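Below is one structure, written out as structure tokens; comments come after it.
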Amino acid sequence: MIEASGLTKIFDGFVAVDNLSLYVEAGSVFAFLGPNGAGKTTTIRMLTAILEPTRGWARVNGLDVVRDAAQVRASVGVLTEQHGLYERMKAAEYLDFFGRIYHLPRTLRRERAQALMARFGLADAMNRRVGEFSKGMKQKLALVRAMLHDPPVLLLDEPTSAMDPQSAKQVRDAILELKNDRRTIILTTHNLTEAQQLADRIGVIRRGKLIANGTFEELSQRFVGDPIMEIRFAAPLNGASEWLHKELDVVAHGENWLRFRTKSPQEHNPILLQRLISAGVPVVTLSEVPHTLETVYLQIVNEDENLTEKAQNGNYA
Amino acid sequence: MATTLDAPKLKTAAPSLSFPLHSNWLRTLQNALIVTRREVRDSFRDWRIMVPIFLLTLCFPLLAQGMTELFANFFIANGAEPMIDVFLPLLPMIVGFFPISISLVIALETFVGEKERRSLEPLLSTPLTNLELYIGKTLAAVIPPLLAAYVGIGIYLGALIFGAQQWRPQAELVIQIVLLTTAQALVMVTGSVVVSSQTTSTRASNLLASFIIIPMSLLVIVEGLIMVNDMRHLLWWILVALIIADVLLFRMGARLFNREELLGRTIDSINLKWAWQILLSQLRGDKRAKGVLSWYRYSVLKALRDSRDGMLVVSFSIVAMLVAGMIATHFAPDWRLTPEMMTQQPDVMQNFTQFAALSEMGFGVRYIFGQNLRVLIGAAMLAIFTFGVMSIFLASFTFGVLGFLLAQPIMSAIGYDTVLAALLPHAIFEVPALIIGAGVATRLGALVTSPPKDMGVWEAWLRAFADMLKLLVAVAVPLLAIGAVVEVYVTPRIVLMTIGS
């Protein structure tokens, strides 16, 4: 479990993270989205007790990030923005080094290193120098390092960046597996499809402020509005089009299709379908137009942009 | 697909927090050595480090041996055989110095190089404490070059002992060279941590490294001169000074090598505007300070409070030196002033009566004030470069001399009331000025070894510097001015009155 309240970090007068509060339930995945320089990495660094908050507090796995900093760092696995590997070392030596730091007994650190390397398809690379690894292999090795001490909390900064689709899938599967194993995970990513697939809750941070936080459905409802339904017809509508426009909140239409917004599809759709069939309109499909996280995210960022602009204009006026 | 399905399932233990908290030095050292082992192994795999170390360890001693023979032959040919004994001790130290100069490169590489490659952050996210990381990396930077230096010195000495010279160096000399080499290596490494903490690129840190390598090279030259002049006992004092520098730099490095400083700094830029704003805001002080009186009340008093540790240290040193000066008179009878020494001078009473004519003798208010101010500013400036050591030393040294003089038996003949009358009236103003000025300078100099946790080193330094300016201008300088006026116009009269009575 991760909780934070009023978390703020100021560097020489620059507010990197501003009054951020969040709660991530144990065994869930929280995706942190936001433009570059928004404050994601600084937040992660505060939650891993690498940086001390200027104001506010945070608890990771029940431990205070300031008071119990060493214990917090022992209980989290961190995949940093830059994998930062020691290129002259062999993968086995590298993992052994981190295993020692976490005081894992020799047999356990070997077992875990081998199992994790095999999990990510790197079993044959144990005795190869890290410098010889491809970008994706390095990223996976960094992930193995983060998971080596079996931490209950994982903070993953861009876990699948620089990976080929197959490797990325391996990593996503591992994240889901860890989630099922009641691990708490925060991940930052620019890959919105990945965030939508993995995350239970999503937070959007911009200019240091958490501007949105919720499940995908909640965010979608709040920022993109009511669900949009699409009906497709077997033939052009002609006469039926007029009453449909009157009855429905149409947002777009074509010759043989129509999209409309509805607050309650469960109530509205069966009635609509019945009326269309009784009117002899040949309906092929009636389905919801799915909102993508990209649409929601862009909407959130645009709204915040507009708000900021308005505030600035207000100030100038 | 197959890869994912066939991959073995992870054996996951129940999440535990088994990492032990470190509460003792042994644990700290054990954890530090995990880092050291890795770093040393890494260094041994880096040909850029190993080739110079190898060459300097093996080739340079042999080259030095060849040079020694050439010089020895030259001295013999020119009838200057005694010069051989003076010259021989020089080279072992230089042979040892070359490999340890590599420690600077390793230290910059291990600290700032890792920061530049971003490989430090995974390490910072482990439970290792800042101190464990710092000790681990410091040892890693010191051990290979130091081993190389010892081997180099050994090879060279072996060549001298068993070669044509058949030279038998004194054990004390060998110990001095080994200890000086070790202390110098530590100064370079701990100094480089300080340098690298202020930069984000190896390029910038290499440029700043000249601040370390140049003074160290000069020190080796000074040590050489000391050896040539056969004043080897001075080398022990240099060793003591190096150990003090080691301790201060280690403390400073340990304070600067922290997660906050390492990750907070992203660019090596000079933000003069920001610095100026900090300086001005600290000079102005509290927002309630609107006029001169409220400025004294809210701003100057706060600066005094913030500098009280420095002032306490200076006060303690003054008293300690005064007492030490007095004790020295008893322990060193040879230093005692005899009545004859005093009578060889013009009459003592005559000396005191001349106080009245100080201003006519050219020692006017401006002279005395100027002299005291120069000393105070000098002490403050030196404090910046000596971690506050010189401000304490300069402030208290005079009191050592004073204690020595006051304890002279001859003083009782003059009468303590006269002596005190010649000192106290202006000392009431000048001593507090000295304590305040030297105290705030000590705070400024020592700050870098232990900066406050709630702000960056540079900001804390600027604020302490502003406090120093504030206290010098608002308190010390006015007190010195009053003291100078009193010394010229009041003290002599009191002395005359005392003599008259």
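At-a-glance table
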| read-out | value |
| --- | --- |
| Acute angle (nearest 10 degrees) that the helix B:210-228 long axis makes with the longest principal axis of chain B, alpha-carbon atoms | 70 |
| Isotropically averaged projected area of the stretch B:24-264, using the convex hull of Cα atoms (one quarter of hull area), nm² | 13.6 |
| Pair-distance profile P(r), taking every C-alpha pair of the stretch B:89-141, with 5 angstrom steps and integer % | 4, 17, 21, 21, 12, 8, 7, 5, 3, 1 |
| Per-selection Rg to Rh, the stretch B:175-234 - Cα, Kirkwood hydrodynamic radius | 1.10 |
| Stokes-Einstein D for the stretch A:228-285, Kirkwood Rh over Cα pairs, 4 °C, 1.567 mPa s (µm²/s) | 114 |
| For the stretch A:7-16, Karplus couplings with θ = phi - 60° (6.51, -1.76, 1.60), whole Hz, Gly/Pro x | 5, 9, 9, 10, 10, 6, x, 8, 7, 7 |
| Positive-end residue, chain B charge dipole about Cα centroid, Cβ charges, pick of B:Ile84, B:Tyr296, B:Trp237 | B:Tyr296 |
| Using alpha-carbon coordinates, inclination of helix A:135-147 to the longest axis of chain A, degrees | 70 |
| Between helix B:308-331 and chain B: long-axis angle, C-alpha atoms, 0 to 90°, nearest 10 | 70 |
| Rg and Dmax of the protein assembly as shown, Cα atoms only, in Å | 37.1, 136 |
| Where the Cα pairs of the stretch B:73-190 fall when distances are cut into 5 Å bins, in % | 2, 11, 17, 16, 13, 11, 9, 7, 5, 4, 3, 1, 1, 0 |
| Residue-averaged [θ]222 nm for chain B, counting only DSSP H segments that reach four residues, each worth -39500 (n - 2.57) | -24000 deg cm²/dmol |
| Debye equation applied to the C-alpha atoms of the stretch A:156-275, log10 I(q)/I(0) at 0.15, 0.22 Å⁻¹ | -0.83, -1.18 |
| Electrostatic dipole magnitude of the stretch A:2-214 [Cβ: Lys, Arg +1; Asp, Glu -1; Cα centre; debye, to 20] | 280 |
| Descending principal axes extents, the stretch B:379-501, alpha-carbon based, whole Å | 60, 29, 19 |
| For the stretch A:79-169, diffusion coefficient by Stokes-Einstein and Kirkwood Rh (Cα), 4 °C, 1.567 mPa s, µm²/s | 99 |
| Estimated vicinal HN-Hα couplings, Hz - the stretch B:122-131 in sequence order (Karplus 6.51, -1.76, 1.60; Gly, Pro = x) | x, 5, 5, 8, 8, x, 4, 7, 4, 5 |
| Whole-number D in µm²/s for chain B (Stokes-Einstein; Kirkwood sum over Cα pairs; 10 °C, 1.306 mPa s) | 58 |
| Label-point separation, B:His330 to A:Arg222 (7 Å along Cα→Cβ), nm | 8.0 |
| Percent RCO, i.e. relative contact order, over the stretch A:225-317, from Cα pairs under 8 Å lying at least 6 residues apart | 36 |
| Values of log10 I(q)/I(0), in the order q = 0.09, 0.11 Å⁻¹, for chain A under a Debye, Cα-only, solvent-free model | -0.60, -0.79 |
| Cleavage-rule hits (trypsin sites (Lys or Arg not before Pro)) in the stretch A:1-105: DSSP loop, at most 12 neighbouring Cβ within 10 angstrom | A:Arg67 |
| Relative pair counts by distance (%), Cα atoms of the stretch A:72-128, 5 Å bins | 4, 17, 25, 30, 20, 4, 0 |
| Overall Cα dimensions of the stretch B:443-501 - principal axes, largest extent first, Å | 60, 19, 13 |
| Ellipsoid semi-axes in whole angstrom, largest first, where each is sqrt(5λ) of the Cα gyration tensor of the stretch A:20-95 | 24, 17, 13 |
| Estimated distance in nm for a label pair at A:Glu230 and B:Gln30, the labels positioned 7 Å out from Cα along Cα-to-Cβ | 6.4 |
| All Cα pairs of the stretch B:215-320, percent lying beyond 22 Å | 67 |
| Coil-residue chymotrypsin sites (Phe, Trp or Tyr not before Pro) of the stretch B:369-412, DSSP, other Cβ within 10 Å capped at 15 | none |
| Among A:Gly39, A:Leu298, A:Val224 - extreme Cα towards positive end, dipole of chain A, charges at beta-carbon | A:Gly39 |
| Rounded FRET efficiency, nearest 0.05, which uses the C-beta distance separating A:Glu242 from A:Ser161 and R0 of 35 Å | 0.10 |
| From the C-alpha gyration tensor of the stretch A:126-220, square roots of 5λ in Å | 26, 15, 13 |
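No value in this document is a laboratory result; all are computed from the given coordinates. Predicted model, so just to flag it, every value in this text is computed and none were measured. For neighbour counting, all protein chains shown are included, and Cβ atoms are generated from backbone atoms with ideal geometry for every residue, glycine included.
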